[in-house]
1. So if I take the centroid of the Cα atoms in region 182-202 and the same for region 49-76, what is the distance between those two points in Å?
2. Ignoring ligands, DNA and RNA, what percent of the accessible area of the chain is carbon or sulfur (1.4 Å)?
3. Convex hull over the Cα atoms of region 1-125, averaged projected area in nm²?
4. When you have a sec, figure out the Kirkwood radius of region 1-68 from all distinct Cα pair distances and drop it here in Å to one decimal?
5. How large is ³J(HN,Hα), in whole Hz, for each residue of region 2-8 in order, when computed from phi with the Karplus curve 6.51 cos²θ - 1.76 cosθ + 1.60 and θ = phi - 60°, using x for Gly and Pro?
6. How large is the accessible surface of MET16 in square angstrom, using a 1.4 angstrom probe and rounding to the nearest 10?
7. Return the lysines within reach of LYS18: Cα separation strictly under 21 angstrom, same-chain partners fewer than 8 residues apart disregarded; answer none if there are no such residues.
8. Would you mind getting the accessible area per residue of region 1-61, heavy atoms of the protein chains only, 1.4 Å probe, in Å²?
Amino acid sequence: MRLAELSERSGVSAAMIKYYLRQGMLAPGRKVGATTAEYDDSHVRRLRLIRALVEVGRLPVATAKEVIGYVDDDSLDRTIRLGAALWALPHGPDPDDADEVVVAARGEVDRLLGMLGWSTAREIGELSPDHRALIVAVATLRRLGYPWDAELMAPYAQLMHQAAVRDLDFVETHPSEAEKVEVAVAATILVDPILRALHRLAQQEESARRYGL
């Protein structure tokens with residue numbers, strides 16, 4: 001397909017496609033003339049990923065470019081490529097090691113990971129921004145008088161593991177390695193709002209069942 005069709009199929013303007021080409025976020029098309037190129041479904045898929053990162057995830061283009069750099073680095077195995085891409089996404093503040101509430105929260109998070117047998121998460125530890133974010137969230141709740149501990153978090157974590165299994169089952173339905181990594185990153189951006197909305201709807205439903213409308 002030519003640039004105009006690529007723009008139509010992807011929903012990205014021709015000007016933005018040219019910009020992403022210049023930034024190296026989109027692979028060049030196959031040259032068919034001095035000023036023309038042909039593109040294929042991989043370009044459509046990549047533009048959809050870029051749209052997910054920039055428009056839905058609201059990432060700055062520089063951050064989206066960093067994420068895509070990890071997606072494209074086939075010198076890394078899939079776990080490392082996916083992890084590096086996800087770690088490049090924006091995260092909240094780091095925990096304050098001088099705060100005794102943070103220290104207590106870190107202990108509960110570590111105890112939780114031990115209870116669950118999540119050895120990889122324990123080994124990576126606070127190298128992971130998500131590990132750090134969990135500590136900050138637990139510390140905030142404890143500071144507000146809601147003493148979340150490992151036992152309280154464990155059922156939630158088990159539900160999230162089931163969600164992760166479904167996520168990766170879906171990833172495995174895609175044929176190529178590039179597609180698997182791309183869809184995993186895109187799903188992180190797109191599925192999080194779905195899970196958050198479903199959680200809130202479920203809370204509303206359960207509240208109505210217990211207490212009435």
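The values are calculated or read from the model by the stated rules, or taken from the named source; none is laboratory data. All values reported here derive from a predicted model rather than from experimental measurement. Every residue, glycine as well, gets a Cβ built from its backbone with ideal geometry; the counts of neighbours run over all protein chains shown. Side chains are part of the model used for accessible areas, which takes the heavy atoms of the whole protein and leaves out ligands, DNA and RNA. Shrake-Rupley method; radii C 1.70, N 1.55, O 1.52, S 1.80 Å.
1. Measuring centre to centre over Cα atoms gives 17 Å.
2. Carbon-and-sulfur percentage of accessible area, whole number: 56.
3. 10.4 nm²
4. 12.1 Å
5. 8, 4, 4, 5, 4, 4, 5
6. 70 Å²
7. In chain and number order, the partners are LYS31, LYS65.
8. Heavy-atom SASA per residue in region 1-61 reads 58 Å².
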